Every structure is written in structure tokens, then in C-alpha cells.
Amino acid sequence: MRYVSTRGNPEQKRFCDILLEGLAPDGGLYLPVSYPQIDANRLQVLRSVYAEQGYAQLAFEILTLYIDDIPHNDLRALCQKTYTREVFGSAAITPLRALEPGVFVLALSNGPTLAFKDLAMQLLGHLFEYELARRGEALNILGATSGDTGSAAEYAMRGKKGVQVFMTSPHGRMSPFQQAQMFSLPEPNIHNIAIQGVFDDCQDIVKAVSADQSFKRRYRIGTVNSINWARLLAQVVYYFAGYFQATSAPQQRVSFTVPSGNFGNVCAGHVARCMGLPIAKLVVATNENDVLDVFFKTGVYKLRTSEQTFETSSPSMDISKASNFERFVFDLFQGDAPRVKQLFQDELGHSGWFDIGQDPVFSQAQGRFGFYSGRSTHADRLRTIQDTHKRFAQIIDTHTADGLKVAREHLQSHEPMLVLETALPIKFADTIIEALGHPPPCPAALADLSQRPQRVTMLPADVAQVKAFIEQHCSDAA
């Protein structure tokens, strides 16, 4: 298996190289040369694997289609080490629970940081440690988070040999619980940087540092954001697991609704669909920062400035620059890297928007790839949380509420709709209290989280200052 950049860099690379590299040298994102295909017979085999051997073995079967530079026995051991009842709370790892007929919630938030990001980050931590030990190297991980990526990455990398983590986050834009999860970690290899700006500023800094090839090589910079293909690949697995739990008949179709800001979670569903998983619709649910919803309805992709990006009660989706969206556009234009480079580097980079609404390929977003979208507001979130609690005695978080609201706009009577859970509601307790009048339950192990000492450095949205901070603190990983 070889991987190429969405912007046309001619060099093809193997999995373990792009695992440690993150962003491609030309600023593009890596994708496999082609998606492995799973036919109806193979899908039934995978169904049996999941039923009889569990999530870890299913993960191995899917990952091994993309990873041929880690011995199979080692990769299987890494999957078995990652996906355990002890880490994720149940043997199912991602259990499916029913709401009304035909509507399900895929529980993805039972990992260490109570968010879906754990499912990929826990594996990524083991992959990094394995490959760095094999090479005798160290890595400085630079990341950006709007809330859940940061804590999931830090909990996965805490204490890992040869790894330092530098995590940027938008100052004051995360929930108190999310902030406390990150800033309270005492491990010396974890460095939190609060940026005076919004998430897009943090993400721009990560991309700018990654684009400086000299600095990147000198300080061994890697990424854990979903621009890293390995993280997105790990997320593909739970689409298969959800599908097998929701269906019994061969080739029965299902749909997924995915709360989305950076497009990584739903992009994993896109990959699963391209592999042959029988997905009817992939519904993108946004909050008030609805850049993606506007695109899927009009073909216009227009970024927002920091000042135009709303601060909402589903803060992990307060994003206007969806990094993984470039991967989908690459597939939409059938691998036309020069066109992708023109759109994302030239048009988006200079004017802040592009319009492909009149291009014949735009219709394929729905027809060929099954993408639909919808928008949810604060009032919608409150109503959905209240309704879910009243009718089903379940409390959902604000992002999952966005997903459930939009999912109901796209239901088909003959197809199960799976809403991907984003996090446990305790991470957004203020809005739950506003909706229900009382806080959601908190795991006993995190009851004292807000009282724990916190470690964080405040910096302006300035690439040079972030580079200087990395230079100052990365010596232990060298």
C-alpha cells in the first residue's frame, strides 16, 4: 500500500512514514493510492469476525488492508492492547443503543477522556511508541484542539517513551471540563499552549509549522490531528462495527449522521463507504458555524474569520476551516491533484473561498458519495436534549444533540439511521443544566477534576512564538 498527497507531490510513501510525518511536504494530506474493496462475501466474513472475536480483531482485519509495513502479529497485538474492556468499559467497545424505531446512537465515548477521539488516539499512542522504538527515534507532536482531540491525545501519549506533546487550544473557547482534562495532566512530556484566538488559529499554526520543512525535520515534528491518516483510519473501524450491530441481512443499507467541524469523523465514514460498506447517506450535522452545511447545499466553501466564528454550546464544532474536507474534494475530483491544489492553496489561500456549485462533479457529492447536511442551533440543542431525556430517559451531549436533530430530517423508513455520539454530557454540564435543570452524572474517577492543579502557557496566535516554545521544551525528546 502506498500513499500520495492530495496536492500532487510525486513521492509515494508507506504507512509508517506518513504515521510520523502527518502533513505532506506540499501542504496536502495523505490518502491511499486506492481504497481496498470489500465485496459482499468479505463483508459477511468481517461480520463473523466481529461477532465471534470482537472489536480488536475487526480493527486488525481492516487496518491490515492499509498497513503492510508492520508485521501482522505486531499489528494484531497493538489492536488487542488498545481495544479492551478495561479501557473502553465494555466488550463491545462501541455499543449501539436504540432510541425511536430506526434511530440509534453509536456510543463512542466510553474511553479515558469520555469522547469519540479516544478510539483513534489510544491506538495512535501505541503505534507511535512502537514505530519510534523500532527506529530508535523521538517525536515532538504538535496538535490543535477545539476540545476533545487535545485531551484524547494527551491521555494516549502521557508517559510514552520518545514522545513530547505540544497541544494548542483556543483560550476560553473550551468547556471547563475539557480544559481541566487537558491542563491537569502532570506528565512532563505534556505541554499545553492556550492560544489567544479561535480553533482555526491553532490549526493554522500547526499547518504553518508542519509546512516549514527545515524546522519540521530538525525538531521531528509530527501530528495527531485528523490530518494524520493513521488517526482517520482507526475511525473507519467503528463504522463497520456500528453497521454490524444495526443490521442482520447481507448488504442491508444504513445511514450515519455525524456531528462535524473538522470533517475527520465523517471522512472516516466516507472511506468506509468507498471501501464498500453499504452506507446510503452520510449526513453532516453542523452547529451555527455552518460552513460545511452551506457547501453541501450550494457548492460554495467560504471560510469565516476568527471574528465571524461563533462561540456556541457545542464548542468542539466551532470551526470554519475543515482540514479533512480536502480529502473528500480530492475524491470528488477523482484524484485531480492540480485542481485540488488550485482550490485549497490558490483560491482558498488567497480569497478565502471557492465555488464548485456549477461544476458537474458537485452533484456527485450526493449521487455518488451520499453526502447530505443540516444545521442545528442552541435552541435546537436544548429541545433535543430535553426531548431525549423525557422520552428515552437518556442524557446526550450538545454535539450529539446537533447530530440527532439533523438526523431526523433525513430519515428513510427502510434504513436504520445511526447518530455518532461525540462525548459524554458531563463535558458540557452548563448546557445540560440549562436544558434539564440538573447536571449530568460524572464518573467517580473524575469527580475532583476541577480541583486538580493545572499547567498551561498562554501565547498569542503567532507561529514564531509557538516555534520558540517548542525549541525551548523539546530537548527531553531529542
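Since every read-out is calculated from the coordinates, none of them should be taken as a lab result. Bear in mind that the values here come from a model prediction, so they are computed numbers and not experimental data. Heads up, the Cβs are rebuilt from the backbone with ideal geometry, glycines too, and the neighbour counts pull from every protein chain shown.
Does the chain come out rounded, prolate or oblate, given a ≥ b ≥ c as the square roots of the eigenvalues of its C-alpha gyration tensor, rounded meaning a/c under 1.5 and, failing that, prolate meaning a/b above b/c? It is rounded, given that a/c, with a ≥ b ≥ c, falls under 1.5. Model label points for GLN364 and ARG14, set 7 angstrom from Cα along the Cα-to-Cβ axis, are 3.2 nm apart.
Return GLU100, GLU86, GLU421 ranked ascending by Cβ neighbour count within 10 Å, so the fewest neighbours appear first.
Numbers: GLU100 12, GLU86 5, GLU421 24.
Least to most surrounded, the residues fall as GLU86, GLU100, GLU421.
Please report the relative contact order for the chain, taking Cα pairs under 8 Å with a sequence separation of at least 6, and give it as a percent rounded to a whole number. Don't skip to the answer; put the middle values down first.
Working: 935 pairs, mean separation 92.9, N = 478.
Dividing the mean separation by the residue count of the chain yields 19 percent.
5 Å is the cut-off here: which amide hydrogens, built 1.01 Å from N in the peptide plane, fall below it relative to ILE141, excluding neighbours closer than 5 in sequence? Distant-sequence amide H within range of ILE141: GLN164, VAL165, PHE166, GLY222.
Starting from the Cα-Cα distance between ALA379 and ALA98, subtract it from 0.36 nm times their residue separation and give me the gain in nm to one decimal. Provide the component values of the computation, followed by the final result.
Working: separation 281, 0.36 × 281 = 101.16 nm, distance 2.40 nm.
Between ALA379 and ALA98, full extension yields 98.8 nm more.
The charge dipole of region 25-94, taken about its Cα centre with unit charges on the Cβ atoms of Lys, Arg (+1), Asp and Glu (-1) only, comes to about 280 debye.
Residues whose amide H comes within less than 5 Å of that of VAL283, counting only those at least five positions distant or on another chain, are PHE256, THR257, VAL258, TYR372 (H built at 1.01 Å from N in the peptide plane). On the principal axes of its alpha carbon atoms, region 187-256 extends 52, 27, 27 Å, with the longest extent given first.
The modelled label-to-label distance between PHE310 and ASN41, using points 7 Å beyond Cα along the C-beta direction, is 5.1 nm.
Each of TRP353, TRP229 has some number of other Cβ atoms within 10 Å of its Cβ, and from fewest to most they run TRP353, TRP229. Using 12 Å as the cut-off for backbone N distance, which residues of region 243-280 belong to the label zone defined by a point 7 Å from the Cα of GLN412 along Cα→Cβ? What the label zone holds, given the 12 Å backbone N cut-off, is 252-256, 278-280.
Roughly what % of DSSP beta bridges within the chain run antiparallel, to the nearest 5? Before the final figure, lay out the partial values.
Values: 12 of 47 bridges.
Around 25 percent of the beta bridges assigned by DSSP in the chain are antiparallel ones.
Think of the chain as a dipole: +1 on every Lys or Arg Cβ, -1 on every Asp or Glu Cβ, centred on the Cα centre; then among TRP229, GLN44, PHE128, GLN44 lies furthest on the positive end. Reported value for region 209-347: 143 Å³ per residue, from the convex hull of its C-alpha atoms.
Quote the charge dipole size of the chain about the Cα centre in Debye, to the nearest 20; the model charges only the Cβ of Lys and Arg (+1) and of Asp and Glu (-1). It would help to have the intermediate numbers written out before the result.
Details: 45 positive and 49 negative charges, 140 e Å.
It works out to roughly 680 debye.
Compute the length gained on full extension between ASP212 and LEU303: take 0.36 nm times their separation in residues and subtract their Cα-Cα distance, giving the result in nm to one decimal.
30.4 nm
In the structure shown, the pairs LYS81/LYS427; LYS390/LYS427; LYS81/LYS160; LYS117/LYS427; LYS321/LYS341; LYS281/LYS405 are assessed against 19 Å; a Cα-Cα span above that value is assigned to LYS81/LYS427; LYS390/LYS427. Relative to the Cα centre, the charge distribution of region 53-211, modelled as +1 at Lys and Arg Cβ and -1 at Asp and Glu Cβ, gives a dipole magnitude of about 280 debye.
Order of LEU282, LEU382, LEU114 from fewest to most other C-beta atoms within 10 Å?
Values: LEU282 27, LEU382 18, LEU114 24.
In order of increasing Cβ crowding within 10 Å: LEU382, LEU114, LEU282.
Here is the list for region 244-347: GluC sites (Glu not before Pro) lying in DSSP coil, each with at most 16 other C-beta atoms within 10 angstrom of its C-beta, are GLU307, GLU311.
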